[in-house]
Amino acid sequence: TQRFVDPLSGVGRIVTSYEDARASGERIVGLVSRPVVVQDREDSVVRDHVEGHVEYDDVTFSYLPDRPVVRNLSFTVEAGETVAFVGPTGAGKSTAAKLLLRLYDVDSGSVRVDGVDVRDLSLETLRSNVGYVSQDVFLFDGTVAENVRYGSFDATDEAVEAAARLAEAHAFVENLPDGYDTRVGERGVKLSGGQRQRLAIARAMLQDPAILVLDEATSAVDTETELLIQRGLARLTADRTTLVIAHRLSTVKEADQLLVVDDGRVVERGTHERLLDEDGLYATLWNVQSGASASEEFIAEVVARA
Ligand code: ATP
């Protein structure tokens with residue numbers, strides 16, 4: 001059925017060039033996603049701007065009948081705050097976040113932005129106000145500047161460069177053969193994972209959505225690059241409602257709220273400090289990842305829980 005189609009993976013087929021994107025006036029950060037399942041309602045609510053208040057109210061979702069991967073999920077994020085999903089692989093973190101982008105519709109419950117159910121918001125409102133930065137950054141064949149400008153087609157060269165500076169991309173871009181005019185993508189210069197991530201951050205910076213879904217990268221980068229990325233991300237997420245899908249706990253310590261997801265359910269929630277005090281799944285994951293006590297017992301415990 002259609003539900004087996006992940007809208008994000010269809011990206012390359014939807015928009016293949018800057019010109020196509022420009023012509024169709026696409027506006028989404030990171031990747032273009034044209035939902036294959038969801039549709040605009042006839043009388044959908046159009047908003048130029050949203051404040052960024054996000055609420056999940058008893059949300060349940062399954063890809064396959066009777067096999068929910070998100071179960072009774074409820075949480076609230078105030079405008080400007082950061083909430084991070086952490087938990088074992090396959091727990092449902094990415095799926096939960098995709099419901100905010102409305103790549104899928106919930107089976108029950110509701111996801112609301114500024115109090116409006118996302119199913120009632122126009123898709124254009126959602127696409128232009130909810131940005132998405134993922135680990136699989138989509139760069140099309142075109143220049144660096146075009147890739148950064150993508151989605152904000154009227155941005156000036158100065159604005160592109162300012163965004164690249166904030167994203168810690170400017171220095172490496174200047175060192176490319178033709179600077180911002182260097183061709184990247186399949187037929188251009190090959191960029192490293194860390195460079196691509198920073199271009200994605202610059203793109204999101206330029207688009208400036210009130211809400212950001214950030215699927216954190218798992219690919220290994222060197223320590224210096226990691227610090228640059230973290231600095232770029234800190235600037236990007238500041239004063240913006242951010243939903244982070246975290247793969248490494250060290251990057252979400254500062255989140256206003258951590259939701260520990262296990263088998264589609266939130267099993268613990270709170271700040272980093274509070275969750276360490278609770279000494280539950282989060283503390284176990286933290287101890288393993290930080291290498292503090294990756295003893296046989298700890299690993300056995302994590303395996304047993306996951
Ligand atoms: P990770 O940390 O590995 O990214 P996650 O917590 O983000 O994992 P999800 O990617 O949301 O987990 O996956 C949750 C469950 O849903 C998994 O069992 C996965 O196999 C399943 N799943 C994910 N996407 C689809 C899809 N498009 N169709 C069917 N099942 C899916």
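Where a number appears in this text, it was derived from the coordinates with a stated rule and is not lab data. Quick caveat, the model's predicted, so the values are computed rather than measured. When we count neighbours, we look across all protein chains shown, and the Cβ atoms used for this are built from the backbone with ideal geometry, even at glycine.
Once you have the Cα-Cα distance between Ser192 and Arg274, take 0.36 nm times their residue separation minus that, and quote the gain in nm to one decimal.
25.8 nm
Distance from the C-alpha centroid of region 135-173 to that of region 52-100: 30 Å, rounded to the whole angstrom. The Leu64 and Asp157 beta-carbon pair, evaluated with R₀ = 35 Å, returns a calculated FRET efficiency of approximately 0.15. Each Lys and Arg Cβ is given +1 and each Asp and Glu Cβ -1; about its Cα centre, region 42-196 then shows a dipole of about 720 debye. Neighbour counts of C-beta atoms inside 10 Å place Glu174, Glu158, Glu216 in the sequence Glu158, Glu174, Glu216, starting with the fewest. Rounded to whole numbers, the Karplus 3J(HN,Hα) couplings from phi for region 223-229 are 4, 5, 4, 4, 5, 5, 4 Hz, using 6.51 cos²θ - 1.76 cosθ + 1.60 with θ = phi - 60°, and x at Gly and Pro.
Taking amide H atoms as placed 1.01 Å from N in the peptide plane, the amide H of Arg183 lies under 5 Å from those of Val189, each 5 or more residues away in sequence or on another chain.
Students often get this wrong: which residues of region 231-255 have the backbone nitrogen under 15 Å from the point 7 angstrom along Cα-to-C-beta of Glu78? 239-242, 255, by backbone N distance to the label point.
Could you give the nm distance between label points at Asn175 and Glu224, where each point is 7 Å from its Cα heading toward the beta carbon? Roughly 0.7 nm, to one decimal.
Pop a pseudo-label 7 angstrom from the Cα along the beta-carbon direction at both Asp208 and Arg165 and give the gap in nm to one decimal. If labels sit at Asp208 and Arg165, their model points lie 1.6 nm apart.
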